[in-house]
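Beneath this line is the structure, given in structure tokens, with notes to follow.
Read the figures in this text as sums done on the coordinates, not as results from a lab. Just so you know, these numbers come straight off a predicted model, no measurement behind them. Here Cβ is always computed from backbone atoms with ideal geometry, including for glycine, and neighbour counts include all displayed protein chains.
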Amino acid sequence: MLAAILRVLASPAARRLSRAAQLVAAIAFGAAAASQIDLAVNGMFLGSILALGAIGITLIYGVLRFANIAQGDMMTFGAYLAFFLLVSVLPEHAGLGPFTFGFPLLLAIPISMAGVAALAVGMEILVFRRLRLRRANLVTIEIASLGLAIAVRGVVQMIWDTPVRYYPHEGRDHYSLPAGISIAPNHLFVAGAALLLAIGLHLLLTRTKSGKAMRATSDNPDLARASGIDTDRVLLWTWAIGGLLAGAAGVLLVIFNATSQLKPTIGFQLLVPLFAAVVVGGIGNPYGAFLGAMLIGISMEVSTAWALPTYKPAIAFLVMVLVLLFRPHGLLGARD
């Protein structure tokens, strides 16, 4: 019976039906987004933030073959580190053109990125490398990742307590565009910063020796090691890049929020959308993660026209399931 079902699913008619269903789903998604163009645009901005976190997850998975559950809380740590710099270290808030934040934030972002990168490298050296040397299985490594996520969140709560915090900000007007589109200047900054980071990562992976070593290690670690690539160093680079992206995503997420609100669970709440973006795009493919994040971000924002915002994570999970029904390997995932 099972063999008969598999033969039917593998038949040309079934494949044509699958492609037709994908086309119908794409048209339906496009129509829904077009009817809520303002929300769809906001979804693209949210997707650009999700893309940074999702790319970090997929890079680490591509090299180490495990999903870093701590990525969301690493984003939180980066956001709070920037908050500390803004209120305690850097000069007082000063306006920066149309944005709600001042020039000190431009200094806080790279410092926070570096801080989260150092945290990520420390996690690799002190925890994950030792687990690999002891030949720990995947379940043990994932539990360790979950434990680190809880530990990072606990440190954030211990240092900054649990009340809601706010970045220093000033009120600014929105840009009004045709078709009822209203764009906040902060959102343009978020999209621009995310795009620059994505382009920089692309150039790193395709034009530099370190990037090519990362890709080689991801494709075949044993062959990369045999060809003279220092895979331990590649792993450190991978964690550092994942940390840099997480730090940037955390700060940009707070900027994206209209009130610049900051709380200890801000990154953890995005964990489901982040993993959904990775799976939708194709596990281990950074370009797929970017595409998946855009799809998830738009879906989450457009859904608020018909559902409560609290259902956004459920919408992300639903989109992931629907995509996997038609493309089990994700949009750009390679077949095993």
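In this simple spin-label model, placing a label point 7 Å from the Cα along the Cα-to-Cβ direction at both residue 164 and residue 325 gives a separation of 3.6 nm. Whole-percent P(r), segment 115-245, all Cα pairs, 5 Å bins from 0: 2, 8, 11, 15, 15, 14, 12, 9, 7, 4, 3, 1. Extending 7 Å from the Cα toward the beta-carbon at both residue 231 and residue 143 defines two label points whose distance is 2.5 nm. Here the mean projected area of the convex hull built on the C-alpha positions of segment 246-315 is 4.9 nm².
For residue 222 and residue 130, a Förster radius of 22 Å and the Cβ-Cβ distance give a FRET efficiency of 0.60, rounded to the nearest 0.05. Using a simple spin-label model with pseudo-atoms 7 Å out from Cα toward Cβ, residue 209 and residue 257 lie 4.3 nm apart.
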